[in-house]
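Every number here is computed from the coordinates shown, using simple stated rules; none is lab data. Keep in mind the model is a prediction, meaning the values are calculated, not measured. Note that each Cβ is placed from the backbone with ideal geometry, even for glycine, and that neighbours are counted across all protein chains shown.
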Amino acid sequence: MSDAMVAARESRTANGTAQQVDVAVVGAGFSGLYLLHRLRKAGFTTVALEEAGDVGGTWYWNRYPGARCDIQTIDYSYSFDPELDKAWTWSEKYATQPEILRYLGFVADRYDLRRDIRFKTKVTEARWDEASERWQLTTDNGPPVSCRHYIMATGCLSAPKPPEIDGVKDFKGEVYFTGRWPHDGVNLAGKRVAVIGTGSSAIQSIPLIAEQAAHLTVFQRTPNFALPAHNGPPPADRKELFESDRAAYREQARQSMAGVPYPQQTVVSWQLSDAERRERFERAWAAGDLVHILTQLWADQAVDVDGNRIVQDLIREKIRAAVNDPETAAALMPDDHPFGAKRPCLDTNYYATYNRPNVTLVNLRQEPIKAITASGITTARRNVDVDVIVFATGFDAMTGAIRAVHPITGRGGRSLTDVWAQGPQSYLGLTVEGFPNFFMITGPGSPSVLSNMAVSIEQHVDWVVDRLAALRDAGFTTIEPTATAQAGWNRHMADCSMVTLHRLANTWYTGANVPGKVQGLMPYTGGVGPYRSICDEVTSRGMLGFKLTGPNVAAQCNDGEVVRLQPDVRLVLNLLASLNLPPIESMGAQGACAFVNEFNKGRPAGRPIGEIVDGTLPGPDGPLPYRVYKPATSGPHPVVVYFHGGGWVLGDEQSDEPFCRDMVRRTGMMFVSVGYRHAPEHRFPTAAEDGYAATRWIAEHAAELGGKPGPVLVAGWSAGGNIAAVTCQLARDRGGPDIAGQLLICPVTDCSFDRPSYNDNAAGYFLTRGLMYWFWDLYCSPADRTDPRVSPLRGKVEKLPPAFVTTCEFDPLRDEGIAYAEAMSAAGVPVEQLKAHGHFHSSFTMVDVVITGVSGRVQMAQALRRFAGLPEVSRGEPGPGFKIAAAAS
Ligand code: NA7
């Protein structure tokens, strides 16, 4: 049906004449305004429907005292028009709400946007009409709207949460919500005021309310981390950086992780001394910048509970120093969540406000609110009479404003509320399967609140409008994500959530602040730059994951999942690809060794452990070097004989050092890494025979080495996994030593190259098929390759020690590892398998780089302990919010 026919039909609707537009936008805040501008420029007819009386979105409503942005305003600005950028100068580092609102009004005027906005108009219902392929929107003011595309630009924090406290209606005094503050202000002078809540809104307003009120009582349920904003004029260094090359500055922001141009930190906390860490922290504290302190201290601060705890302790010290009364100070110290897992706040004199004689803190953890009465608030311990109650109790974040339009009915009469009954589902956080031509700006599943919103909004709007224009030009009238693409995005979201610590706190990021809301991390934690590149990849791969239809064109559906790799694996592989390295096999054996040594120098060295001792042991033809890694706990510890990776050609007893250290810490066991001899000088079966001989010697000399006498365990990665597997077979056949268990990580087990993983993962995942061929050629003649000492899968697999076999989805060696595990299992050997999805050959040995490898190493360590007969480790868990800390550190 043509648009003209649709228009004629729609104008006869029972609700009166519908306003006909190509695209309807809900909201006229940062997102809605830019959408209007872009849509108009792209030639679409459009209308924005806005509940408020003017533009501004969140900045229209949140007028409480002290309301400011918490991203430096230089960064919290539109960048789409360099002329606009130059035409506006912010007066402060963190602009106040009135100034931001003036800015948005200025933007609306400059591009004449108000003429397409219907103010004081709420969308009450939205329905996809299959026949006309248009959305029909019902409003509470003026005509309904019929549109081809429907875009929710409703913001993440615009649906205030009800107070959930009994008796609010009985209260005889004044009641205010920070998120719906009266436009002409509130006179609090001389009044007794209660503030409920200690999130950002409360922390910004409390110091100013305290200055006016006769008495202020703050009711705190959960203390929050707050940092001094050090507000003032925009900092000279940042301004200079920006003004020296505005375009480059903005571009850096777009590619960054948080939408603010800061570099990625590479130094981890344990590589720094106490003094160095304190120096970095003090610098960050003085900078008064959330993104700085959240990202610039050390690389593990946001991904590892130990790295994070150091920051928490330093902030708690600051709170202790700022607040005179020790009991109040203690109550103000957050202890139930990692720093940054809940949105930290920027403050001006917040903690010092509690030193004022007219301010009281009520700790609701000790005395919960029982009810609000006619005269005030009753807790379990006292009645507090007040004249005014300020609710700073937050929002039904991320999904609240979208679900406030109810129902949004998509294909087949399904409502978005039903589809999201178990939590929001989306593709890219922008679209939802079953809801054609429906888009969300900064929706759940996008970086949104974990980023500088201005940057994310521009990226979303540009992507959506560019796609709409391209579809229109190609004759498509509908666009809808597929179930596969959406499921893939949800899995990728879950993968990303394992990288950071956000999942360990009860926050509005997870829906935990709203009783009854399904919980799960809603924003995308994979970073702004990576997210942008994923959206661009969707486009460059022919609108991957979208179904497109149009009246005069063949339907198109390029189905699939855009990211199947773990997020950090994707980053590592992209980085490696950008280096354009020559294939390792083209470097020659010596050149390849030198390359690997150089490569290893650039990685984090590995965490501190008890002791490292080097030595040599007698091998079959002379001494072999070894390196012992000992735990910090007192021994003797069970001994793990470890074989490094490197295709029988590369590496040495030190080359997997970060992995060995990590496993020593996790297992509490001693690792002895063996420097077996390499090809091409020493071909098959040297590595295998060295491995076996070394294991035998280590088992016999365990006590001398400081380990526990008795059975040893063997472990190895890649070709080292091959040697470990072969050693177990030889030990069985040659009368010992006793081996209590084997850990095989991505092992080589067979000389056949025709399993699917050799083809599926032939290139692009660092270990290539070509490199494997080269390793085999250097180590082993074709005639020897079926010998079980290099292809243990061809040997006898009965009566082997219990095994834990790790394989990675994107590894050429995946299928032979699985085949070996299955063969052993079929032969009665107890076998556990970890089939690591989204991982590549080096995922588990790139410790502190591939963070998503942690949970796999936790499982491997548990297996080794079980094999050695040690009890399971129970890690100290500091609070309910840290429940899955073991998997994160
Ligand atoms: P937040 O950050 O959600 O803070 C709300 C606060 O209100 C928080 O301290 C809550 O405690 C508290 N709260 C909520 N409900 C209750 C009840 N029923 N009783 C007692 N205390 C309650 O909202 P904000 O408006 O401050 O900030 C939102 C974002 O806007 C902010 O992060 C910035 O990005 C800008 P809880 O922690 O749930 O125990």
Q: Classify the stretch 616-679 as rounded, prolate or oblate from the Cα gyration tensor: take a ≥ b ≥ c as the square roots of its eigenvalues, call it rounded if a/c is under 1.5, otherwise prolate when a/b beats b/c and oblate if not.
A: oblate
Q: Taking the Cβ of each residue in Asp568, Asp462 as the centre, tally the other Cβ atoms inside 10 Å and list the residues starting with the fewest.
A: Asp462, Asp568
Q.
I need the shape label for the stretch 566-646. Rule: rounded when a/c is under 1.5, else prolate if a/b > b/c, else oblate, with a, b, c from the alpha carbon gyration tensor.
A. oblate
Q | Full-stretch length increase - Asn597, Ser273 - with 0.36 nm per residue and alpha-carbon distance subtracted | A | 114.0 nm
(Q) Could you order the peptides 786-799, 114-127 from most to least packed, using the average number of other C-beta atoms within 10 Å per residue? (A) 786-799, 114-127
Q.
Whole angstrom only: what separates the Cα centroid of the stretch 291-310 from the Cα centroid of the stretch 629-689?
A. 30 Å
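Would you calculate a helix-derived [θ] at 222 nm for the chain, using -39,500 (n - 2.57) for each DSSP H run of n ≥ 4 and dividing by the full residue count, to the nearest 500? Please list the in-between numbers first.
Details: 28 runs with 298 residues, N = 889.
Here the helix-only value at 222 nm equals -10000 deg cm²/dmol.
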Q: Determine which lysines satisfy two conditions relative to Lys630: a Cα distance under 16 Å, and not lying fewer than 8 residues away in the same chain.
A: Lys708
Q: Give me the distance between the Cα centres of the stretch 572-626 and the stretch 695-746, rounded to whole Å.
A: 22 Å
Q | Packing-based exposure ordering (other Cβ within 10 Å, fewest first) of His637, His149 | A | His637, His149
Q: Starting from the amide H of Glu832, placed 1.01 Å from N in the peptide plane, find each other amide H under 5 Å away whose residue is 5 or more places distant or on another chain.
A: Ala803, Phe804, Val805
Q.
Roughly how far apart, in whole Å, are the Cα centres of the stretch 360-398 and the stretch 75-146?
A. 36 Å
**Q.** In sequence order, calculated HN-Hα J values of the stretch 434-451 (Karplus, 6.51, -1.76, 1.60; Hz; x Gly/Pro)
**A.** x, 10, x, 6, 10, 10, 10, 9, 6, x, x, x, 10, x, 5, 5, 8, 9
Q.
What would the Debye equation give as log₁₀ I(q)/I(0) for the stretch 501-614 at q = 0.17 Å⁻¹, counting only Cα atoms as equal point scatterers?
A. -1.06
Q: Sort the stretch 596-727 into rounded, prolate or oblate with this rule: let a ≥ b ≥ c be the square roots of the eigenvalues of the Cα gyration tensor; rounded if a/c is under 1.5, and if a/c is not under 1.5, prolate when a/b is larger than b/c, oblate otherwise.
A: oblate
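Evaluate E = 1/(1 + (r/R0)^6) for Glu174 and Glu327, where r is the Cβ-Cβ distance and R0 equals 35 Å; express this FRET efficiency to the nearest 0.05. Walk me through the intermediate numbers first.
Values: r = 30 Å, r/R0 = 0.86.
Rounded to the nearest 0.05, the efficiency is 0.70.
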**Q.** 3J(HN,Hα) from dihedral phi, the stretch 555-566, Karplus parametrisation 6.51/-1.76/1.60, rounded to Hz, x for glycine, proline
**A.** 4, 10, 9, 9, 7, x, 9, 6, 10, 10, 6, 4
Q) Taking Lys161 as the anchor, which lysines have their alpha carbon closer than 28 Å to its alpha carbon, excluding any fewer than eight residues away along the same chain? A) Lys120, Lys122, Lys169, Lys172, Lys191, Lys342, Lys370, Lys517, Lys883
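As a footprinting exposure proxy, order Tyr76, Tyr34 by other Cβ within 10 Å, with the fewest listed first. Don't skip to the answer; put the middle values down first.
Numbers: Tyr76 21, Tyr34 26.
Listed from fewest to most nearby Cβ atoms, that is Tyr76, Tyr34.
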Q | Hits among lysines - C-alpha to C-alpha of Lys239 under 22 Å, sequence gap 8 or more where chains match | A | Lys86, Lys93
Q: Could you work out the equivalent-ellipsoid semi-axes for the chain, taking the square root of 5 times each eigenvalue of the Cα gyration tensor, largest first, in whole Å?
A: 55, 35, 23
Q: Rounded to the nearest 0.05, what FRET efficiency do Arg541 and Arg769 give with R0 = 22 Å and r taken as the Cβ-Cβ distance? Could you check?
A: 0.40
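Could the peptides 588-599, 253-264, 332-343 be put in order, highest first, of the mean number of other beta-carbon atoms found within 10 Å of their residues?
Result, highest mean Cβ count within 10 Å first: 332-343, 253-264, 588-599.
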Q: Determine which residues of the stretch 393-415 fall in the zone a paramagnetic label at Asp559 would reach in this model, i.e. backbone nitrogen under 19 Å from the point 7 Å along Cα→Cβ.
A: 411-412
Q) Of the peptides 226-233, 541-548, how do they stack up when ordered by the mean number of other Cβ atoms within 10 Å, highest first? A) 541-548, 226-233
